[in-house]
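For reference, the structure discussed in these notes is given below.
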Amino acid sequence: MIRIMRRPAALFTAAAALLVLAGCGSGPSQVTSAAIVGQRSVPLDGVQQEVHWLLDNVPQMREAQKQRKLDLYAREVVRGRVVHELAEMAAERENVRPEQGEVDRLVRGSGGSAEVARSAGVAPDRVRDLAYDQVVLQKLAEKYIGRLSVEITGTVITQSEPGNSAKEQATALGERIAQQPQRAQAVVRQGGHQLVSEKLDFAEALQNDPELATTAVFGAKEGTVVVIQPSRQQAGWLVGLVSERRTDGTAQPLQGQVNPEYLYFAGLRMLQPIAEDVGVRINPRYGVWDEAALSPAPNEDELTGRLLRSRTVQS
């Protein structure tokens, strides 16, 4: 049965499904926007109306309100609307526009608009946008199968030290690498870390390590130092310079089966370069933009990772 994706349980903080955000320093007013995606505004009143609908129709929202956790759901609503803006940009740039019938079939196969609104936790007038986004992002992931690969140089930090967490160590190392990208290997070794230097193929990752395929590693632009946790099941912070990102491979169908949720989130990751190009700005009432997670975070201290821009890497 066709169904509209929800976020995997480990990623799910609200009933709302599938999301992202972006914005810029000029153009639409931040005062009347929940977020700004390039020159597009995500209207603040639309987000507030959807939150009110969820409060009236989704029991988890009412429970969250009692627990003073309504902000989690509000950020998910914002994220969902920004995903739609980015997905529309991707459909235009990447020529992956869905046909009308594809969206209709997805909604019908998921039980119809009313059922999707209840099960996915979105307002009824957002159901078709949600279905549209899913079709676009799955097409986007499929487009890059066989074409996308990255080369990364860095290490994985798993052990915390007194007064210096693994995350803090990883961030500090990432900043040093970003300052001296041509010496990335030497910087890693000087820190006493085991060097990781390899080429990662997007198609292979989807088959063998799908969680990795959904991370910022494959969305980061060349010259970016990623500081992320690549796995929710395993401890460890990956610090790596993306020394090369290639999209000129030969497109090919994916061999074998891939969980559709991973395919969706891999496509979501392909929005990362677009979000970086157009810029992302969040209304402070919803937090700050976490570009490593492609979602809003409550504040800078709760960012899930960092994407550090280095000087241009010389070949």
- Query: Which residue pairs have Cβ atoms closer than 8 Å, lie 6 or more positions apart in sequence or on different chains, and pair a first residue in region 91-112 that is farther than 26 Å from residue 272 by Cβ with a second residue that is surrounded by 12 or more Cβ atoms within 10 Å (Cβ to Cβ) and of a type in the set (Ser, Thr, Tyr)?
  - Reply: 107/113; 110/119; 111/119
- Query: Of the conditions (1) surrounded by fewer than 22 Cβ atoms within 10 Å (Cβ to Cβ); (2) assigned to a helix (DSSP H, G or I); (3) in contact with a Phe, Trp or Tyr (Cβ under 9 Å, 6 or more places away or on another chain), residue 134 fails just one. Which one is it?
  - Reply: (1)
- Task: Please state which of the following conditions residue 34 fails to meet, knowing it meets all the rest: (1) part of a helix (DSSP H, G or I); (2) of a type in the set (Gly, Ala, Ser); (3) within 19 Å of residue 279 (Cβ to Cβ).
- Result: (1)
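Mind telling me which of the residues 56, 71 ends up being among the charged types (D, E, K, R), over 24 Å from the mean Cα position of the chain (by Cα) and at pLDDT 90 or above?
Values: 71 fails: over 24 Å from the mean Cα position of the chain (by Cα).
Of the residues listed, the single one that is among the charged types (D, E, K, R), over 24 Å from the mean Cα position of the chain (by Cα) and at pLDDT 90 or above is 56.
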- Task: For region 141-166, name all the residues that are in a helix (DSSP H, G or I) and open to solvent by less than 20 Å² (accessible area, probe 1.4 Å).
- Result: 141, 166
- Could you pull out the residue among 103, 83 that is crowded, with 19+ Cβ neighbours inside 10 Å, farther than 30 Å from residue 248 by Cβ and either at pLDDT 95 or above or within 23 Å of the chain's Cα centre (by Cα) (or both)? 103
- Message: Restricting to region 282-315, and then to whatever is surrounded by fewer than 21 Cβ atoms within 10 Å (Cβ to Cβ) and among the charged types (D, E, K, R), can you tell me which residue is farthest from residue 36 (Cα to Cα)?
- Response: 311
- Message: Any residue in region 67-88 that is under 19 Å from residue 36 (Cα atoms) and free of Cβ contacts under 8 Å to residues at least 24 places away in the same chain sitting within a Cβ distance under 8 Å of a residue that is surrounded by 24 or more Cβ atoms within 10 Å (Cβ to Cβ) and basic (Lys, Arg)? List the pairs, counting only those 6 or more apart or interchain.
- Response: none
- Message: Checking residue 276 against (1) modelled with pLDDT of 95 or more; (2) open to solvent by 50 Å² or more (accessible area, probe 1.4 Å); (3) touching a helix residue (DSSP H, G or I) at 6+ places or on another chain (Cβ under 9 Å), only one condition comes out false. Which one?
- Response: (3)
- Task: Check off (1) in contact with a Ser or Thr (Cβ under 9 Å, 6 or more places away or on another chain); (2) open to solvent by less than 30 Å² (accessible area, probe 1.4 Å) for residue 119 and give me the number that stays unchecked.
- Result: (2)
- Query: Any idea how many residues of region 48-60 are in contact (Cβ under 8 Å) with a residue 60 or more places away in the chain and assigned to a helix (DSSP H, G or I)?
  - Reply: 6
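Residues 169, 185: which one is more than 21 Å from the chain's Cα centre (by Cα), open to solvent by 10 Å² or more (accessible area, probe 1.4 Å), within 16 Å of residue 304 (Cα to Cα) and in contact (Cβ under 8 Å) with a residue 12 or more places away in the chain? I'd like the intermediate steps shown before the answer.
Working: 185 fails: within 16 Å of residue 304 (Cα to Cα).
The unique qualifying residue is 169.
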- strands (runs of 3 or more DSSP E) wholly inside region 202-315 that include at least 1 residues being within 13 Å of the chain's Cα centre (by Cα): 224-228, 280-282, 288-290, 295-297, 306-309
- Task: Within region 50-70, count every residue that is over 28 Å from residue 266 (Cβ atoms), open to solvent by 20 Å² or more (accessible area, probe 1.4 Å) and in contact with a helix residue (DSSP H, G or I) (Cβ under 9 Å, 6 or more places away or on another chain).
- Result: 8
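The values are calculated or read from the model by the stated rules, or taken from the named source; none is laboratory data. Remember, predicted model here, so these are calculated numbers, not experimental data. A quick note on method: Cβ atoms are made from the backbone with ideal geometry, for glycine too, and the neighbour counts reach across all protein chains shown. Note: accessible area is taken over every heavy atom of the protein model, side chains too, but ligands, DNA and RNA are not part of it. Shrake-Rupley method; radii C 1.70, N 1.55, O 1.52, S 1.80 Å.
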